[in-house]
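Below is one structure, written out as structure tokens; the observations come after it.
The values are calculated or read from the model by the stated rules, or taken from the named source; none is laboratory data. This structure is a prediction, so every number in the text was calculated from the model and none was measured. Quick reminder, even Gly has a Cβ in these numbers, built from the backbone with ideal geometry, and neighbours come from all protein chains shown. The accessibility values were calculated without ligands, DNA or RNA, using every heavy atom of the protein model including side chains. Shrake-Rupley method; radii C 1.70, N 1.55, O 1.52, S 1.80 Å.
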Amino acid sequence: MTLDATMTELSLDTTIRKSVFLAAPKARVWDFLTKADLLGNWFHPADADLTEGEGYMLRSQKDGDKMCWGKVEEAKPHDYMKWTFTVGPMEGAMTTVEWHLHEAPGGTRLSLVHSGLPKNVDAFGLVMALDKGWHGFLSNLHGME
Amino acid sequence: MPPNLQPVFRALGDPTRRDILRMLGQEPMTIAEVSEHFDMTRAAVKKHLVMLSDGGLIDVKPRGREKVNSLNAAALKPVFDWLSWFDKFWDDRLDALKTAIEKDQSHDTGRHND
């Protein structure tokens, strides 16, 4: 996809929606989303179990570097959770991640909605663009496949 | 898109490395030349360059007995394309979750459900 095509697509909708069937009861899936050690089995280990109203920090298993963090804005056990969410290079720009858990035959359907991603490619790079010297790189990128 | 962008993100996560990258974007430099711009040991600079190289953000080419580092701007493109990046990011994470849960359930019940 060209960058221009990407930009057009992004101006329409920047929400990511994913859904996955998991062969485990909702309560167990919830544990995987909220328990510090279980998060480490599929994401990154958290500094502490995730709690409503509290910040969270997921760190690299390898060297403890900060990988993803934010705040647990809402947690309705086994049904719904809402995080603010960011990664290192976004330099503090927060997005929203929502988790929905639905009972399904033989397990749980887990849905993820990731919203609040900036509207276009330039805005995505805004933090870096504002940082001295990135403008040249950004304009170079426009010519790239 | 490279299969794993985590190294790129890690490489860009540090302000010193971004500074180094910007300098290399202007002109290719040896470790010694990069070191002149920073109040750091050459070993520390080298560590940063290795992380940049791991992220595919710089090319390292020999010039005589030295090695010259230059920016690989193409590796930056997906970083500015957050949507594609996160799309893949969540696919990978949810796959890993599915695997982790299947393992967990088969331990719990002593048999695999598939």
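Structure notes:
- The residues of region A:41-59 that are farther than 14 Å from A:T86 by Cα, surrounded by fewer than 17 Cβ atoms within 10 Å (Cβ to Cβ) and either of a type outside the set (S, T, N, Q) or touching a His at 6+ places or on another chain (Cβ under 6 Å) (or both), listed by number, are A:D47, A:A48, A:D49, A:E52, A:G53, A:E54.
- Summed over region B:18-55, the residues that are open to solvent by less than 20 Å² (accessible area, probe 1.4 Å) and in contact (Cβ under 8 Å) with a residue 12 or more places away in the chain give a count of 10.
- A:F43 vs. criteria within 12 Å of another protein chain (Cβ to nearest Cβ) and free of Cβ contacts under 8 Å to residues at least 24 places away in the same chain: no
- Against the numbered list (1) in contact (Cβ under 8 Å) with a residue 40 or more places away in the chain; (2) open to solvent by 40 Å² or more (accessible area, probe 1.4 Å); (3) assigned to a loop (DSSP other than H, G, I, E, B), A:D63 comes up short only at (1).
- For region B:85-100, the candidate set comprises residues that are at the interface with chain A (Cβ under 7 Å from one of its Cβ atoms) and in contact with a helix residue (DSSP H, G or I) (Cβ under 9 Å, 6 or more places away or on another chain); within that set, the residue that is nearest to A:A93 (Cα to Cα) is B:L97.
- Output for region A:20-40, where each listed residue is in contact (Cβ under 8 Å) with a residue 40 or more places away in the chain and small (G, A, S): A:A23, A:A24, A:A27
Residues are listed down the side, and each one gets a yes or a no for (1) in a helix (DSSP H, G or I); (2) open to solvent by less than 40 Å² (accessible area, probe 1.4 Å); (3) modelled with pLDDT under 95; (4) more than 25 Å from A:L33 (Cβ to Cβ):
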{"position": "A:K82", "(1), (2), (3), (4)": "no, no, no, no"}
{"position": "A:T86", "(1), (2), (3), (4)": "no, yes, yes, no"}
{"position": "A:P89", "(1), (2), (3), (4)": "yes, yes, yes, no"}
{"position": "A:H102", "(1), (2), (3), (4)": "no, no, no, no"}
{"position": "A:V113", "(1), (2), (3), (4)": "no, yes, yes, no"}
{"position": "A:L117", "(1), (2), (3), (4)": "no, yes, yes, no"}
{"position": "A:D122", "(1), (2), (3), (4)": "yes, no, yes, yes"}
{"position": "A:A129", "(1), (2), (3), (4)": "yes, yes, yes, yes"}
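- Taking region B:51-79 as the range and being within 13 Å of chain A (Cβ to nearest Cβ) and out of contact with any helix residue (DSSP H, G or I) (no Cβ under 8 Å at 6 or more places or on another chain) as the test, the residues that pass are B:N72, B:A74.
- Enumeration of residues in region A:16-32 that are modelled with pLDDT under 95 and more than 9 Å from chain B (Cβ to nearest Cβ): A:R17
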